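The values are calculated or read from the model by the stated rules, or taken from the named source; none is laboratory data. Only a predicted model underlies this, so the values are computations on that prediction, with no experimental measurement involved. Methodologically, a virtual Cβ is constructed for each residue, glycine included, from the backbone with ideal geometry; neighbour enumeration extends over all protein chains shown.
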Amino acid sequence: MKLSKIEKNILFFSIALAAFSLSPVSASAMHIMEGFLPLEYSIAWGAVCIPFLVLGFMRLRRTFQDNRRSLILLAMSGAFIFVISSLKIPSVTGSCSHMTGTGLAAILFGVPATSVLAIIVLIFQAILLAHGGLTTLGANTFSMGIIGPVLTVLLFKAGKKLKINQLLNVFIASALGCLFTYCITAFQLAVAYPSEVGGVAASLVKFLGVFAPTQIPLAIVEGMLTVLVIIGMESFAKKELSSISFMEEAK
C-alpha cells in the first residue's frame, strides 16, 4: 500500500513522538494487570506502539474506502480476539495466561491493522472485565497486538514460500505467534522486576517457566481454533477472502 504525502508526514510524526516519549526512560531494556508496571515502563511500551497504531488506522481507513466487502472479515477477526482472549487462566502474580486470537487478523490483514483491533479489545476488556488495565495498555498492546502478530506473519509468509499445506501453515503461525506473545510478556515483567540474583535474565527464566505449563497447550488450542475459523471462512466467505487476496495467496 502506497501512502500519500500527508499520511507519510503523519507516520513520521508518530515515530518522532514515540522516540521523544522513550528518551527520558532509563531502563535495561498476557494481560499485565492494572498498575503492575512502573509508570516509566508503561509510558515506554505505549510509545513504542504509536507508529504501529497510526499506520494501522491509515490502512484500515484505506481498506474501508477501497474494499467494503472485507469489513465482515475484519469484524469477525476483532470478535475472535475479544472472545478467546477473555478466557483467562491465572498464571503468575500480576499476569495470566490466555489465548490471544490475533493470529487470524495478522494473517488476513497484517500487523498494523491487528494492533488497532488489539488495542480496541484491550480497552474494552480493561473497562468491562477488569482484564488487564489502562495503565498497562501499551505493554499489553505491544506483546499481544504487535510482536506476536509480527512472528505470525513472518512464519505464515515463510510457510507459503516453502509450500507448506495452507491449514498446517495457519496452525503453526498462529500457535507460535501466541506463544511468542508470552515470551515478550515475560520479558516485559523481567525488565520491570529483575531478580536480585541474576538480574533480568534470571527473572526472565522464572517468568517463562511459570507461563510455560499453561501457555504451551493454550497456544496449541489457539492454532487449532484459528484453523477452524479459516475453514469456516473458506466455506461461507469465499468472496470476502478473495477480496483481500487471501484465497489466491494461499494457493
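Quick notes
- Selection count where residues are closer than 16 Å to L122 by Cα and outside any loop (DSSP other than H, G, I, E, B), scope the range 33-55: 7
One line per residue, one yes/no per condition, for (1) at pLDDT below 80; (2) on the phi > 0 side of the Ramachandran plot; (3) buried (at least 21 other Cβ atoms within 10 Å of the Cβ); (4) hydroxyl-bearing (S, T, Y):
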| residue | (1), (2), (3), (4) |
| --- | --- |
| Y41 | no, no, yes, yes |
| W45 | no, no, yes, no |
| R59 | no, no, no, no |
| S77 | no, no, yes, yes |
| L87 | yes, no, no, no |
| T102 | no, no, yes, yes |
| A106 | no, no, yes, no |
| A113 | no, no, yes, no |
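- Residues in the range 215-225 include at least one that is crowded, with 20+ Cβ neighbours inside 10 Å, closer than 22 Å to M99 by Cβ and charged (D, E, K, R).
- Considering L189, L228, L208, L218, the condition of being in a helix (DSSP H, G or I), out of contact with any helix residue (DSSP H, G or I) (no Cβ under 9 Å at 6 or more places or on another chain) and of a type in the set (A, V, I, L, M) is satisfied by L228 alone.
- If the condition is being at negative phi and not in a helix (DSSP H, G or I), then the range 192-205 contributes Y193, P194, S195, E196, V197.
- Given (1) under 22 Å from G101 (Cβ atoms); (2) surrounded by fewer than 21 Cβ atoms within 10 Å (Cβ to Cβ); (3) β-branched (V, I, T), number of the condition I146 does not satisfy: (2)
- Condition met for V83 (assigned to a helix (DSSP H, G or I), modelled with pLDDT of 90 or more and surrounded by fewer than 21 Cβ atoms within 10 Å (Cβ to Cβ)): no
- Here the condition is being at pLDDT 85 or above, over 19 Å from L87 (Cβ atoms) and touching a Leu at 6+ places or on another chain (Cβ under 8 Å); of I244, I164, I231, I184, it holds for I231 alone.
- Residue pairs whose Cβ atoms lie under 7 Å apart, sitting 6 or more positions apart in sequence or on different chains, and linking a residue in the range 71-85 that is within 20 Å of K239 (Cα to Cα) to a partner that is acidic (D, E), are I72/E240; L73/E240.
- Those residues of the range 161-202 which are of a type in the set (G, A, S) and buried (at least 20 other Cβ atoms within 10 Å of the Cβ), in sequence order: A173, S174, A175, G177, A186, A190, A192
- Residue count for the range 89-100, restricted to those that are farther than 16 Å from I220 by Cα and either at pLDDT 70 or above or surrounded by fewer than 24 Cβ atoms within 10 Å (Cβ to Cβ) (or both): 6
- Matching residues, the range 184-203, being within 23 Å of G145 (Cα to Cα), more than 20 Å from the chain's Cα centre (by Cα) and not hydrophobic (A, V, I, L, M, F, W, C): Y193
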